[in-house]
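Visitor: Sharing a structure below in structure tokens format, with a few things to ask.
The values are calculated or read from the model by the stated rules, or taken from the named source; none is laboratory data. All of these numbers come straight from a predicted model, not from anything done at the bench. Cβ placement follows ideal geometry from the backbone for every residue including glycine, while neighbour counts extend to all protein chains displayed. Please note that ligands, DNA and RNA were not included when accessible areas were found on the heavy atoms of the full protein model with its side chains. Shrake-Rupley method; radii C 1.70, N 1.55, O 1.52, S 1.80 Å.
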Amino acid sequence: MPDIDIDIAEQAGVGADGRPRPTEDHVVVLDNAVVLLDGATSPSPDLPSGGWYAGLLTERLAAGLRAAPDADLAQLLSSAIAEVADEHELRIGNSPSSTVAMLRWTDMRVDALVLADSPIVAFSAAGVHVVSDNRIAELRGGGKLRTGADVRAQRNASGGFWVAEADPGAAEHAVRASWPRAELETVLLATDGVAVGVDEYRILDWPQVLKLARTQGARAVLDAVRAAELDDPHATRWPRPKRHDDQALALIHFR
């Protein structure tokens, strides 16, 4: 296996009420993979938190990758969703949910899977390759996700968006990519609390994210996004439901 350097940075945001609370992002590093999940705010206060669900799903995905390191990523995700749902009696359409970003490598190949808005970005001599699931952004931009009821109606539905919840079939709708290992220099995985700095705030582009992380560390990227939000304390320049979202960033440098 080639030498690999991995840099991880995480930072909790605040809840919808503006108060600090533990992060709902989860990152796990395995011998040949990195898994990053972002638990979504639950549609009802009666349900467990998205962070609780993301933590359980992360554990199942890690176990699946350890047991079958060459297995199809979508099949691993489908099985993990089914196992968590069965064990905790989660019901489709009325359960917590999470984004999923998975990167797995061998000596020859690198595979990526993205479900919902936690992108994976690969850097090679040929340029920047963004693996992103834009369905949530497109629905939001079209005014179709204005309320919690809108989100529930569009989640894991035809014409809507797909996310890990209680339906194993969501895994079939993940965005996927693969590259020859020799072509890649660095790959990053980010939750939307980081990606927003590129996609919405536009204070950085992905090559600038990589440069900043290489020169100052992954945490510097999180700090740059947080600094922009501190300069917009009332969310007037960048309307958003939370002043600060949870942030997680993983960079895998192939040497």
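Visitor: Being among the aliphatic types (A, V, I, L, M), within 18 Å of residue 100 (Cβ to Cβ) and in contact (Cβ under 8 Å) with a residue 12 or more places away in the chain is the requirement here; does residue 175 meet it? Quick ask: steps written out before the conclusion?
Guide: On the way: among the aliphatic types (A, V, I, L, M): yes; within 18 Å of residue 100 (Cβ to Cβ): yes; in contact (Cβ under 8 Å) with a residue 12 or more places away in the chain: yes.
Judged against the criteria, residue 175 is a match.
Visitor: Condition first: over 22 Å from residue 14 (Cβ atoms), within 19 Å of the chain's Cα centre (by Cα) and free of Cβ contacts under 8 Å to residues at least 60 places away in the same chain. Now tell me which residues in the range 26-56 satisfy that.
Guide: Selection gives 28, 30, 56.
Residues are listed down the side, and each one gets a yes or a no for (1) among the charged types (D, E, K, R); (2) in contact with a Leu (Cβ under 8 Å, 6 or more places away or on another chain); (3) touching a residue at least 60 places away in the same chain (Cβ under 8 Å):
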position: 199; (1), (2), (3): yes, no, yes
position: 203; (1), (2), (3): no, no, no
position: 207; (1), (2), (3): no, no, yes
position: 211; (1), (2), (3): yes, no, no
position: 237; (1), (2), (3): yes, no, no
position: 246; (1), (2), (3): yes, no, yes
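Visitor: When the range 6-22 is examined, which residues are found to be part of a strand (DSSP E or B) and out of contact with any helix residue (DSSP H, G or I) (no Cβ under 7 Å at 6 or more places or on another chain)?
Guide: The initial filter retains those residues of the range 6-22 that are part of a strand (DSSP E or B), namely 6-11, 14, 20.
Passing the criteria: 6, 10, 14, 20.
Visitor: Might you let me know whether the range 27-44 holds any residue that is assigned to a helix (DSSP H, G or I) and of a type in the set (A, V, I, L, M)?
Guide: Looking for residues that are assigned to a helix (DSSP H, G or I) and of a type in the set (A, V, I, L, M), one finds none in the range 27-44, hence no.
Visitor: If you take the residues in the range 57-72 that are surrounded by fewer than 23 Cβ atoms within 10 Å (Cβ to Cβ) and under 17 Å from the mean Cα position of the chain (by Cα), which one is nearest to residue 168 (Cα to Cα)?
Guide: Filtering the range 57-72 for residues that are surrounded by fewer than 23 Cβ atoms within 10 Å (Cβ to Cβ) and under 17 Å from the mean Cα position of the chain (by Cα), the one nearest to residue 168 (Cα to Cα) comes out as 60.
Visitor: Could you say whether any residue in the range 171-187 is touching a helix residue (DSSP H, G or I) at 6+ places or on another chain (Cβ under 6 Å) and either open to solvent by 10 Å² or more (accessible area, probe 1.4 Å) or of a type in the set (D, E, K, R) (or both)?
Guide: yes
Visitor: So in the range 45-56, with the set limited to residues that are part of a loop (DSSP other than H, G, I, E, B) and not small (Gly, Ala, Ser), which one is surrounded by the most Cβ atoms within 10 Å (Cβ to Cβ)?
Guide: Checked the range 45-56; the qualifying residue surrounded by the most Cβ atoms within 10 Å (Cβ to Cβ) is 47.
The rows are residues; the columns are (1) under 30 Å from residue 244 (Cβ atoms); (2) of a type in the set (Val, Ile, Thr); (3) at pLDDT 95 or above.
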{"residue": "25", "(1), (2), (3)": "yes, no, yes"}
{"residue": "30", "(1), (2), (3)": "yes, no, yes"}
{"residue": "47", "(1), (2), (3)": "yes, no, no"}
{"residue": "59", "(1), (2), (3)": "yes, no, yes"}
{"residue": "62", "(1), (2), (3)": "yes, no, yes"}
{"residue": "82", "(1), (2), (3)": "no, no, yes"}
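Visitor: Mind telling me which of the residues 232, 223, 245 ends up being open to solvent by 20 Å² or more (accessible area, probe 1.4 Å), under 22 Å from residue 25 (Cβ atoms), part of a loop (DSSP other than H, G, I, E, B) and not hydroxyl-bearing (Ser, Thr, Tyr)?
Guide: That would be 245, the only listed residue that is open to solvent by 20 Å² or more (accessible area, probe 1.4 Å), under 22 Å from residue 25 (Cβ atoms), part of a loop (DSSP other than H, G, I, E, B) and not hydroxyl-bearing (Ser, Thr, Tyr).
Visitor: Failed condition for residue 96, given (1) assigned to a helix (DSSP H, G or I); (2) open to solvent by less than 20 Å² (accessible area, probe 1.4 Å); (3) under 19 Å from residue 192 (Cα atoms), with all others met?
Guide: (1)
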